[in-house]
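Everything on this sheet refers to the single structure shown next.
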């Protein structure tokens, strides 16, 4: 099957492209640039790479021609410039929908996030929610996935924790009274993506996707510390302090790891999505734990 992947060089997109190739499918990897952490994604056998701006509807249409389905994964974690969330998540989704409709694409699978919602004073969440609404109203068959924090090789969650530990054993908590999160392994998310894209499941459905285990950020830090053999001393810290720290990092670092989006997702914890979601079948529920084996696989 021919599958177009927007944001195909990103964390989830590159995992999906490799999974499709291993099945014998033919992914078209679309991205505005390359993944500097793993540019080998451009050289996958049976996969094509096309540099394309998500605002270029004509080029998107050309790239979508001959594709059966589109995995719409393009997104950003923070705004280098004010309004970038709106441009990347909302305006680009409009272009993707128009191009997909013209190209005769039969289905779009969109990856949003668990707490995406309107009027929540968070532009990331709000823009993701707007994109969800556009997908649902597109008149193209769709599946919307709303995962919790996703972890795995090339992610930003484990990477952020390891970088904190590399700087020293003192790591600040995110909140004085930490909420629990259910991180989901990227391998589990990919299985759900494939079920929606290739097997045609979850038509017209919105699915909450979270890992099988609830733990705090401090617990996650300690597990990573144990694996990388670095002691971790958790220092209680207000969410607002971590938010301010992340904001400064976004301004001064070209590739910010601790972003305001990540801080907000951790601080929100494993609250259910605002809108009711359809249920995942038991046989495809995420099952991989945030354990030593998974951490080693992701960081190795």
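Since every read-out is calculated from the coordinates, none of them should be taken as a lab result. Bear in mind the structure is a predicted one, so any value in this text is a computation, not a measurement. A quick note on method: Cβ atoms are made from the backbone with ideal geometry, for glycine too, and the neighbour counts reach across all protein chains shown.
Using a Förster distance of 51 Å, how high is the FRET efficiency between residue 81 and residue 22, based on the Cβ-Cβ distance and rounded to 0.05? Let's see the in-between values first.
Values: r = 38 Å, r/R0 = 0.74.
So the FRET efficiency works out to roughly 0.85.
Test of understanding: what is the full-extension gain from residue 252 to residue 231, defined as 0.36 nm times their sequence separation minus their Cα-Cα distance?
Going from the current span to full extension adds 4.8 nm.
Between residue 279 and residue 102, what's the calculated FRET efficiency when r is the beta-carbon distance and R0 is 35 Å? Round to 0.05.
My answer for the efficiency is 0.55.
Highest GNM mean-square fluctuation, the chain, Cα pairs closer than 10 Å: which of 191, 283, 86?
283
If I histogram all Cα-Cα distances within the range 227-271 using bins 5 Å wide from 0, what percent of pairs lands in each bin?
Reading upward from the zero bin: 5, 20, 21, 20, 20, 13, 1.
What does the helix-only formula give at 222 nm for the chain: each DSSP H stretch with n ≥ 4 adding -39500 (n - 2.57), the total divided by the residues, and the result rounded to the nearest 500 deg cm²/dmol?
-11500 deg cm²/dmol
State, to one decimal in nm², a quarter of the convex hull surface area for the C-alpha atoms of the chain, i.e. the direction-averaged projected area.
Numbers: hull surface 56.9 nm².
Average projection, Cα convex hull of the chain: 14.2 nm².
Binned at 10 Å from 0, what are the whole-percent values of the Cα-Cα distance distribution for the range 154-198, short to long?
20, 36, 27, 14, 2
Of all alpha-carbon pairs in the range 121-251, indicate the percentage at a distance above 27 angstrom.
For the range 121-251, the share of Cα pairs beyond 27 Å comes to 32 percent.
Express in % the proportion of alpha carbon pairs of the range 29-154 at distances exceeding 22 Å. List each step's numbers first, then the result.
Values: 2902 of 7875 pairs.
Of the Cα pairs, 37 percent sit more than 22 Å apart.
Quick one: pull the percentage of alpha-carbon pairs in the range 165-230 with a separation above 14 Å.
Above the 14 Å cut-off, the range 165-230 has 69 percent of its Cα pairs.
Can you work out the PRE-style zone for residue 163? Point 7 Å along Cα to Cβ, and I want the residues of the range 208-229 with backbone N under 13 Å.
The answer is none, because no backbone nitrogen lies closer than 13 Å to the label point.
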